[in-house]
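Nothing in this text is a laboratory measurement; each read-out follows from the coordinates by a stated rule. Note that the structure is predicted; figures quoted are calculated from it, not measured. Quick reminder, even Gly has a Cβ in these numbers, built from the backbone with ideal geometry, and neighbours come from all protein chains shown.
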Amino acid sequence: MCGIVGYLDKTDSAAPIGQVVLTMLNALDRRGPDSAGVALYPGAHNGALADGTIILRIKLGDEGDLADRTEHVVARVRQLGTVIAATTTAEYLRLELAYAGEPQRLEREIEAVADGIEVVSMGRALEIVKQVGSPQNLDATYGVSALTGSHGIGHTRLSTESRVDLSHSQPFWAHGYPDVAVVHNGHITNYHTLRRLYEQRGVKFYTDNDSEVIGVYLAERLSQGLSLVEALTASVADLDGSFSYLAATADAIGFAKDRYAFKPLLVAETERFVALATEELALHSAFRGEADVREAQAEEVRAWQR
């Protein structure tokens, strides 16, 4: 019952990705009143980012002194790189950091500061913001609609199994693999089998939400040298269940749909943009009939590169 959306601007300008993704999400808010989130890529058009600079969004925890946690996280990060900027909004710490080491080490060091701290996103382009409640809350708290960039994906969630909190909300970052994010509508029925296999390899899971395993899967495939479309194609055979999901990297967006086509996904494409959504209503809300809309087919996989 969840709603997913995606948007990629094909032009070479900084597009209003926050406004477009949020408009589509608002149209789907009845599909998921529990939580909402966006994975946006403003960094892809941010010329201010020097080589080696990354952006992190860090959940500081559900309780405790968040200001104190901020100080301890920043102090730990300064031992690893140069902090360019640090700002806190609600339960998030946003860092811009000059860092040349392994992403996995940086993530481990930050999360070791205190229980409940989680690196929600990391990358040169990616920023994830998600929280409990409706999509409107994202704009009221974080000013999502003002963000410009190249592309983004979003999710509004109705919880059917796992609990409702920030960590269980989507999008999911592919932990340890910069700039990869996913949103999912459906059910991965071999989730527990895949999770046990990944945990045996040392992978840490942060939730009991089956959607989290998709990001883990794609990160492994991409690290093996597959392209995004190749990884998406492989997932149709390796993931069981009913699913439509979107995935994004620093310069691409794509989708995969299961062999049964149980979960809807609509596609609209013009020379200027490609947009995807669970319902046609979301596409019309954002684009007012600017493009023909079609239904993605069973086992269909597509990816668009910037």
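Side notes on the structure shown:
- Straight-distance crosslink candidates among lysines, where the alpha carbon sits under 30 Å from Lys257 and sequence neighbours closer than 8 are dropped: Lys10, Lys130, Lys204
- Karplus 3J(HN,Hα) series, Hz, for the stretch 60-72 with 6.51 cos²θ - 1.76 cosθ + 1.60 (x for Gly, Pro): 7, x, 8, 7, x, 7, 5, 5, 5, 5, 4, 4, 5
- Rough spin-label spacing in nm, given labels placed 7 Å along Cα→Cβ, for Arg105 and Asp65: 3.1
- Using 0.36 nm per residue and subtracting the Cα-Cα separation, the extra length available between Ala237 and Gln79 on full extension is 52.6 nm.
- Over 16 Å [Cα-Cα, the stretch 64-156], rounded percent: 60
- Simple label model, 7 Å out from Cα along Cβ direction - Lys204 to Thr87, nm: 2.7
- At q = 0.09, 0.11 Å⁻¹, base-10 log of I(q)/I(0) for the chain (Debye sum, equal scatterers on each alpha carbon): -0.39, -0.60
- The chain: relative contact order as a whole-number percent, Cα under 8 Å and 6+ apart: 25
- Sites listed here are GluC sites (Glu not before Pro) in the stretch 237-279 whose DSSP assignment is loop and whose Cβ has at most 14 other Cβ atoms within 10 Å: Glu271.
- Difference of contour (0.36 nm per residue) and Cα-Cα distance, Arg30 to Ala140: 37.8 nm
- For the stretch 47-124, size of Cβ-based charge dipole, Lys and Arg +1, Asp and Glu -1, in debye: 340
- Net charge, Glu279 excluded, C-beta distance under 14 Å - Lys, Arg +1, Asp, Glu -1: +1
- Contact order relative to length of the stretch 47-124, as percent, for alpha carbon pairs under 8 angstrom and 6 or more apart: 46
- For the chain, the residue among His155, Tyr198, Ala86 whose Cα projects farthest onto the positive side of the dipole built from Cβ charges is Tyr198.
- Note on the stretch 118-275: dipole from Cβ charges, positive end direction compared against Leu166, Gly241, Leu226; the farthest Cα belongs to Gly241.
- Were the residues from Glu230 through Thr193 laid out at 0.36 nm apart, the gain over their Cα-Cα distance would be 11.1 nm.
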